[in-house]
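Quick note: the coordinates plus some simple rules give every number you see, no bench work behind them. Everything quoted here is computed from the prediction, not taken from an experiment. Positions of Cβ are backbone-derived with ideal geometry, glycine not excepted, and every protein chain shown enters the neighbour counts.
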Amino acid sequence: MTKQVSQILEELREDHRNLTVLLAMLDREIARLKSQEDPDYELLHDILTYMTGYPDAVHHKKEDWVYARMAAVRSSMQRDLVRIEHDHAEISNLGNKLLSDIKAIESGTVLRRFDVVEDARRYLTRQRDHMRWEDEKLFPLIDSLKAELDLSGKPSQVGIMADPVFGPSVESSFHTLFEAIKNEGLAP
Ligand SMILES: [Fe+2]
Ligand SMILES: [Fe+2]
C-alpha cells in the first residue's frame, strides 16, 4: 500500500502548489481592485472558474476519501472529518460567490468594490487556512499512516477528470490562464 499512498500524497501536494500559485495571482488582482485600479477581470474569471471546478470536483473528493480511510484506522480523526467537510463546502460556496461577483461585473452590473474585496478576502483566507492545516497536520499524518492505510478501490468519481490547466493537456478554455501563469514564470 505504501507506494500507492505516497503517490496520492504527492498528487495532493502538487495540487496545493498549483493552488498556491493561483491564489497569489488572485490576491494580486484583488489588491488592484482594492486600490481603485482595474484588475484583469478575464484572468479573475478564469482563475475562479478553475478553482470552483477541478479542485472542488477532484482534489477535495480525493481528500475526503483519503481522510475517511484515515479515520478508519485513527478514530481521533472523526472530529477532523467534520471540520474538513465543513471547510470543503465553505470553500466551494465562497468561490462560487466570488465567481458570480466577477460574472456580474463583466455583464455590466455595478457592485461595490468593498463587497467584492470582502468576498475575495473571505475566500483567500479560508482557502489558505485550510491548505495550511492540511500541509502542516493532515498530510504528514497521511505519511505517518502509510503502512496502515488501505487506499485500494479508489471511488469512481475520484480522479476521473484530468486537471484542465496543470494536467497533461491544457483545456482550450484555459489557454489564456495557462499563458498568464507561464508569463509570470510560475508555470509548472
Ligand atoms: Fe482539503
Ligand atoms: Fe487540499
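Averaging 1/r across all pairs of distinct Cα atoms in the chain and inverting the result yields a Kirkwood radius of 17.6 Å. Ranked by the mean number of other Cβ atoms within 10 Å per residue, highest first, peptides 48-55, 29-36 order as 48-55, 29-36.
The fewest-to-most ranking of F139, F114, F166 by surrounding Cβ atoms within 10 Å reads F114, F139, F166. Both the radius of gyration and Dmax for segment 1-107 are 16.7, 53 Å, in that order, over alpha-carbon atoms. Each stretch of four or more DSSP H residues adds -39500 (n - 2.57); spread over every residue of the chain, this sum gives -22500 deg cm²/dmol at 222 nm. Extension gain for the segment A147 to D56, taken as residue separation times 0.36 nm less the Cα-Cα distance, is 30.0 nm to one decimal. Cross-link pairs exceeding 23 Å between alpha carbons, from the set K61/K137; K62/K146; K34/K97; K34/K62; K62/K182; K62/K137: K34/K62; K62/K182.
Each residue of segment 174-185 was assigned a 3J(HN,Hα) from its phi angle through the Karplus expression (A = 6.51, B = -1.76, C = 1.60, θ = phi - 60°), giving 10, 4, 5, 5, 4, 5, 4, 5, 5, 5, 8, x Hz with x at Gly and Pro.
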